[in-house]
Every structure is written in structure tokens, then in C-alpha cells.
Amino acid sequence: MQKKKYLLFLGAWACLFMAGVGACRKPAPRTIVPGTVWHDTEGNPINAHGGGILYHDGTYYWYGEYKGDSTRYSPDICVGWRAEAGGVACYSSADLAEWTFEGVVLPPDTADPRSDLHPSQIIERPKVVYNDKTEKFVMWVHIDDPNYEKAHAGVAVADSPTGPFTYLGSCKPNGEDSRDQTLFKDDDGRAYHIYSSEWNKTLHIGLLNEDYTRHTGTYTRNFVGQYREAPAVFKHEGKYYLIPSGCTGWDPNTAQCAVADSMLGEWTVIGNPCKGEGAETTFGAQSTFVLPVEGQEGRLVAMFDRWNKTDLDDSRYVWLPIAFTDGRPVIEWKDAWNLDE
């Protein structure tokens with residue numbers, strides 16, 4: 001009888017001890033390892049290239065190019081290597097570390113070879129913003145033909161961040177080329193379309209209308225003759241920052257950073273934000289987006305793509321924190337880093 005009571009006592013003590021350990025246990029660290037293969041919650045490699053992230057109602061949504069798994073070389077096009085356009089993928093996450101595949105939210109149109117969304121065409125650099133007035137999710141995307149001569153911007157809308165998105169068509173904004181592009185929604189609710197134009201020689205910044213689906217005709221020409229693409233825009237302590245790359249196809253080059261007092265104002269180039277080994281080639285990658293971390297004032301994550309031109313489906317993601325020194329953004333290489341640090 002005494003032995004039974006003793007065993008019960010030991011069992012109860014063990015349960016209390018484990019409960020205490022569980023209560024004290026910290027959440028698992030949110031570790032980012034740049035340049036490795038990242039998997040979704042089903043164990044599949046994340047396929048969301050040239051993308052951007054929207055934060056909405058407590059969840060992050062990552063939109064990117066869903067690339068086919070067959071890369072081929074085409075000597076007739078300026079970038080040489082390409083994969084079939086698979087539409088736009090979406091992944092969701094509550095913590096930026098674990099990502100759930102939500103599907104291809106803007107699917108390719110496999111039935112109509114003349115469609116902007118046919119797999120033979122170009123569907124690149126999707127970005128999504130939420131319109132508080134219309135309660136719509138608005139996507140802009142680079143639309144092109146296989147020779148990169150069409151140079152259009154496409155628009156799609158949805159009632160949910162996970163789609164499906166309804167494609168509205170494409171155009172040349174303000175009658176000019178539009179290739180690599182991004183979106184920026186300011187604190188006042190205004191949204192801007194930033195895109196490489198004039199055969200990539202000049203970067204245009206255009207103000208969108210109230211529903212974010214068309215240009216207003218107000219735009220500026222920036223970095224004239226400097227050949228910049230892959231723009232990423234963010235705001236920090238009242239200043240606007242823009243990180244584009246040079247134009248060298250799939251091969252990496254030196255990033256630049258510019259600062260302005262307003263989106264449509266004058267931009268001043270302040271140099272390469274990358275520091276340390278690999279900085280001159282942007283750590284072997286190319287800019288795509290800068291993510292403000294929700295709930296952490298001033299915390300910013302620079303998102304890059306490390307393109308694998310001979311196997312574009314296997315291109316990797318490089319995310320690194322942005323620090324500031326003397327008012328200038330600084331991005332240093334880290335083999336691994338914790339989002340909570």
C-alpha cells in the first residue's frame with residue numbers, strides 16, 4: 001500500500017515538473033538561413049520567385065512567380081534562360097518562418113496561346129496591396145512576350161488574399177514600357193507603381209488611382225540612363241528608400257540605394273547598401289522586396305532572389321535584416337539569423 005502511494009506521489013510530481021517546464025519553454029526561434037532550399041509545411045520547396053509580401057489581419061502572404069521545372073536556353077531572347085510561366089503562387093505564414101502553400105492564386109491560361117497568362121509568355125514580379133476603400137486585394141505583375149518586347153503591366157483583383165485573382169488585362173503605363181516592377185502603399189493610403197521603363201534605361205514611379213487598378217497620369221522619371229531594375233521600396237523614419245539592381249540578366253551585380261523625401265520627389269543615390277564579403281554582387285542575388293516586420297517598429301527585412309539561370313525553379317531566397325548607420329541602410333551577410341533578435 002505504501003509503495004503504491006509512493007509511486008502515485010512520484011507520478012504527480014513528474015507531471016507537475018513537466019508542466020512547469022512546458023510553461024517556461026520559449027517559442028522555437030524563427031531562424032532564417034539565406035540561400036538554402038526553403039520548404040513549405042508540406043515539405044515541398046517554396047516556389048515564389050521575384051515576389052513580395054502582404055501583411056493582412058495577422059497573417060503574412062508571400063506572392064511570387066510559380067516557375068515550371070523545365071528551364072531551357074533561348075538564344076533569341078535577351079536573358080537567354082527561361083522557364084514556362086506557371087502563374088502566381090501564394091504562401092501564408094503567421095511568423096515568417098513556417099509557410100503554408102495556398103495555391104496558384106493567379107493561374108496560367110493554358111487554353112489560349114494569345115493570352116497574357118499563357119505559359120509561353122512572361123509573368124514576373126507579382127506584388128499585392130490591399131485597398132481599404134474597395135476592400136479588394138490588388139495585384140500588379142510584369143507581363144511580357146518571350147522576347148521581352150511587349151513590356152506591359154498586368155492587373156488582377158481578388159476579394160481574399162488567397163484569391164482567386166481575376167485578371168483585368170495589361171497596358172503600357174502612361175504609354176511607356178513596364179518591366180521589373182513593385183508596388184508601394186503609403187501611410188496616407190496612396191499607392192505607387194514603380195517600374196523599369198524606356199528599355200530599362202529609366203525607372204518610373206507612377207501614382208495609382210483610388211482603386212489601385214489604373215495609373216492617374218502623374219509619374220516621375222528617375223535614374224535616367226542608369227539602367228536600373230528589380231526595385232524594392234520602403235519607408236523609414238519619414239524617409240523613402242529605393243533599392244534597385246543593375247541590368248545584367250540573371251547574373252548578379254552591384255545594388256544601389258537612393259533616398260527621397262517623397263515618392264514623387266527627387267531621389268538621391270547614396271551607394272551600395274550591402275556590406276562585407278559578396279557585397280559587390282549583392283551576395284549573388286537580386287533585390288525584390290523590403291518587408292516591414294509587423295509589431296517591431298523599424299524592423300525591416302531585405303528580400304533577394306539568388307537566380308539559378310540553368311534551373312530557374314531551383315533559384316533560392318536570400319533574406320537579410322536591414323540596419324541603419326548614420327541614416328543609411330546597411331545589409332550585411334549572415335549565414336543564419338533569428339527574426340526575434
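Just so it is clear, none of the values below were taken in a lab; they were calculated from the coordinates. A quick note: this is a predicted structure, and the numbers were derived from the prediction, not measured. When we count neighbours, we look across all protein chains shown, and the Cβ atoms used for this are built from the backbone with ideal geometry, even at glycine.
Structure notes:
- Largest-first principal axis extents of the Cα set of the stretch 49-338 (Å): 54, 44, 40
- Length available on full extension from residue 281 to residue 338: 0.36 nm per residue minus the Cα-Cα distance, which gives 18.1 nm.
- Separation in nanometres of the label points that stand 7 Å from Cα toward Cβ, at residue 162 and residue 149: 4.2 nm
- Compared with the dominant principal axis of the Cα atoms in the chain, helix 2-24 is inclined by about 20°.
- Violating pairs (Cα-Cα greater than 22 angstrom) within the set 67/275; 67/136; 275/334: 67/275; 67/136
- Take each peptide in 34-40, 127-133, count the other Cβ atoms within 10 Å of every residue, and average; sorted highest first, the result is 127-133, 34-40.
- Qualifying aspartates and glutamates (Cα of each under 12 Å from Cα of residue 172; at least 8 residues distant if same chain): 144, 149, 198
- Assuming charge only on the beta carbon of Lys and Arg (+1) and of Asp and Glu (-1), the dipole of the chain about its Cα centre is about 1040 debye to the nearest 20.
- With a Förster radius of 25 Å applied to the C-beta separation of residue 97 and residue 237, the computed FRET efficiency comes to 0.40.
- Charge dipole of the chain about the Cα centre (unit charges at C-beta), most positive-ward option of 312, 171, 81: 312
- Close amide-amide hydrogen proximity is noted between residue 299 and 293, each under 5 Å apart and 5 or more residues distant or on a separate chain (H modeled in the peptide plane; Pro and chain starts excluded).
- Long-range Cα-Cα pairs in the stretch 126-209 (distance over 19 Å), rounded percent: 37 percent
- Segment residue 310..residue 209, full-extension length gain: 32.4 nm, with 0.36 nm per residue of separation and the alpha-carbon distance subtracted.
- Averaging the sequence gap over all C-alpha pairs within less than 8 Å and six or more residues apart, then dividing by the number of residues, gives the chain a relative contact order of 14 percent.
- Calculated [θ] (222 nm, deg cm²/dmol) that DSSP helices of n ≥ 4 give over the chain, each run adding -39,500 (n - 2.57): -2500 deg cm²/dmol
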